[in-house]
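S.K.: My questions all concern the structure below.
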Amino acid sequence: MPKSRCLLVLEKCMNMKQFKQTHAHIILTGLGNNSFALSRLLAFCSNPFHGIPVTYSTQIFDQIVKPTICICNTMLKAFLLKGELDKTLEMYSHIMHIGLYPDNYTLPYVLKACAHSKKVQVGEQIHGGVFKLGFDGDIFVGNTLLLMYSSCARMVEARRLFEEIPERTAVSWTVMISGYSKRGDVDSARLIFDEAPFKDRGIWGCMISSYVQNNCFREGLKMFRLMQLTDLDPDEGIFVSLLSACAHLGSADIGIWIHRHLKRMQFPMSVQLNTALKDMYAKCGNLGLAKNLFDGMRERDVICWNVMISGSTMNGDAENALALFEQMEKDGFRPNDITFIAVLTAFSYSGMACKGLQIFDSMKSVYRMEPKSEHYGCMINLLGRAGLFEEAKEIIRKMPTSCSHSDEAMAWRALLNSCCSHGETSLAEVAAERLVQLERHCGVYVLLSNMYASSGKYDDARRMRKDMKDRGVEKTPGCSSIEVNGFIHEFVAGEKTHPQMQEIHKVLEKMNDQLE
């Protein structure tokens with residue numbers, strides 16, 4: 001096979017077997033030590049979709065006597081895309097050791113590795129090298145430095161660097177908004193958004209996503225209405241965020257409007273977008289529409305199965321949830337953590353404690369999955385609902401010693417809820433005593449107080465309220481929302497901030513008079 005022909009065939013390889021055959025031809029035609037040919041082999045290896053092991057890339061690289069910075073960058077890319085973050089940093093050290101100068105491709109790869117591995121100290125050292133190498137004005141390097149600092153929750157440094165960047169692109173603003181959002185600081189994220197002199201679809205989408213991910217669902221929908229005043233069309237990510245907001249708010253009208261809008265636009269329905277629609281319909285109580293969408297999907301993944309199982313469970317159709325789980329296994333899909341939480345919850349609602357225990361045990365025995373605190377919580381709730389309190393205590397005893405205080409608290413809280421529902425006062429007190437040691441939360445006192453009151457122990461109920469007050473534990477106010485004519489109205493217990501509160505009270509008074 002001619003030399004040039006070997007390199008052309010390389011680009012058409014579809015799997016590891018074909019790649020090895022082409023590599024063998026390259027060696028036979030005398031290109032085994034040719035730097036260009038080896039660089040093309042490395043470039044093919046660096047693509048994660050080709051499925052070439054990273055060790056194979058390393059073997060090829062080791063054959064190159066004098067690698068160029070371009071070849072080293074290809075290795076950096078291969079390590080980074082395959083999640084070998086430590087090897088990415090080791091490769092950078094090797095580059096410096098052999099006397100090569102990093103370029104504006106080298107530095108972003110290494111800084112991304114620092115961002116993903118949260119190694120801010122290494123990133124700071126590389127930041128120092130950026131100035132020495134003269135790349136402090138490079139926009140790509142600058143944006144990756146922003147990503148590194150924001151990913152490591154160093155927003156003060158990120159903001160300082162952001163102010164110093166000579167030319168900010170849309171990526172610069174998006175990285176800053178996302179960085180604040182991940183820390184839960186949506187106010188600072190909004191300030192950055194408002195400062196942006198230009199706002200492309202990515203910046204709008206990042207701000208909408210920031211609100212939704214931080215449970216500011218109404219604000220996310222309001223931001224979308226502002227975006228509609230521009231000439232920008234939403235992308236898939238924005239629609240997914242909006243549907244998530246509708247699902248959490250129970251805003252079916254807006255969700256239906258989005259669905260119709262997608263049809264009018266003839267927007268391509270990906271698995272992710274289809275799943276978001278199903279989740280919205282299921283959480284808004286329209287399980288029939290969710291099932292229609294699910295049945296019409298040509299392609300499915302584990303997430304869309306999870307959505308249907310969870311949707312069936314929360315709508316009281318535990319039998320359908322369990323049937324879906326069985327069908328999911330038959331179709332060859334491997335359940336994940338979320339699947340088992342949904343299934344165990346379904347067993348809890350249907351009172352099938354024995355079957356639930358079997359599924360819980362199968363996590364380890366069949367799927368080699370270690371149960372998490374959420375799974376233990378589901379099992380304790382399942383057993384507690386069935387009145388099997390000793391078995392529930394045994395589940396808590398089996399929890400790994402490595403569990404955090406919050407994980408253990410979740411388990412005891414589930415037991416306390418079940419005990420209060422069944423009037424198991426003595427065990428409820430044991431659970432409450434342990435919970436008070438683990439966390440400072442009003443729920444323990446409220447549950448015990450309500451249980452005492454319902455069983456006629458009013459002195460104990462008052463004692464709980466007094467203990468709560470003496471220890472300075474404040475009760476989180478209740479909150480509810482309702483959708484009227486496409487607008488979400490939110491009410492917080494004890495507050496009178498709604499602009500139509502007087503009119504609402506007048507209507508309630510009329511209703512009360514009629515009832516009396």
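The values are calculated or read from the model by the stated rules, or taken from the named source; none is laboratory data. Predicted model only: the values in this text are computed from it and were never measured. All Cβ positions, even for glycine, are placed from backbone atoms using ideal geometry, and neighbour counts span all protein chains on display. We work out accessible area using only protein heavy atoms, side chains counted, and drop any ligands, DNA or RNA first. Shrake-Rupley method; radii C 1.70, N 1.55, O 1.52, S 1.80 Å.
S.K.: Do we find that TYR367 is assigned to a loop (DSSP other than H, G, I, E, B), among the hydroxyl-bearing types (Ser, Thr, Tyr) and out of contact with any Phe, Trp or Tyr (no Cβ under 6 Å at 6 or more places or on another chain) in this structure?
M.R.: yes
S.K.: What number goes with the only condition from (1) modelled with pLDDT under 95; (2) over 25 Å from the mean Cα position of the chain (by Cα) that ALA153 does not pass?
M.R.: (2)
S.K.: Can I ask one more? When residues of the range 384-408 are filtered for being within 15 Å of ALA428 (Cβ to Cβ) and either part of a helix (DSSP H, G or I) or without any contact (Cβ under 8 Å) to a residue 12 or more places away in the chain (or both), how many remain?
M.R.: 7
S.K.: Checking the condition touching a helix residue (DSSP H, G or I) at 6+ places or on another chain (Cβ under 6 Å), more than 21 Å from LEU416 (Cα to Cα), in a helix (DSSP H, G or I) and open to solvent by less than 50 Å² (accessible area, probe 1.4 Å), which residue from PHE347, PHE325 passes?
M.R.: Sole residue among the options that is touching a helix residue (DSSP H, G or I) at 6+ places or on another chain (Cβ under 6 Å), more than 21 Å from LEU416 (Cα to Cα), in a helix (DSSP H, G or I) and open to solvent by less than 50 Å² (accessible area, probe 1.4 Å): PHE325.
S.K.: For PRO335, work out the one condition from (1) crowded, with 17+ Cβ neighbours inside 10 Å; (2) part of a helix (DSSP H, G or I) it doesn't fulfil.
M.R.: (2)
S.K.: When both residues are 6+ apart or on different chains and their Cβ atoms are under 8 Å apart, which pairs have a first residue that lies in the range 280-306 and is under 19 Å from CYS246 (Cα atoms), and a second that is acidic (Asp, Glu) and crowded, with 22+ Cβ neighbours inside 10 Å?
M.R.: ALA290/ASP279
S.K.: A follow-up question, please. Does PHE162 fit the bill of being more than 20 Å from LEU89 (Cβ to Cβ) and either polar (S, T, N, Q) or within 29 Å of the chain's Cα centre (by Cα) (or both)?
M.R.: Here the answer is yes, as PHE162 does meet what is asked.
S.K.: A follow-up question, please. Go through ARG168, ARG160 for me and flag whichever is open to solvent by 70 Å² or more (accessible area, probe 1.4 Å), assigned to a helix (DSSP H, G or I), out of contact with any strand residue (DSSP E or B) (no Cβ under 8 Å at 6 or more places or on another chain) and under 20 Å from ALA196 (Cα atoms).
M.R.: On the way: ARG168 fails: assigned to a helix (DSSP H, G or I).
Testing whether each residue is open to solvent by 70 Å² or more (accessible area, probe 1.4 Å), assigned to a helix (DSSP H, G or I), out of contact with any strand residue (DSSP E or B) (no Cβ under 8 Å at 6 or more places or on another chain) and under 20 Å from ALA196 (Cα atoms) leaves just ARG160.
S.K.: When you look at SER362, is it assigned to a helix (DSSP H, G or I), among the polar types (S, T, N, Q), at pLDDT below 75 and surrounded by fewer than 18 Cβ atoms within 10 Å (Cβ to Cβ), yes or no?
M.R.: So SER362 fails the test.
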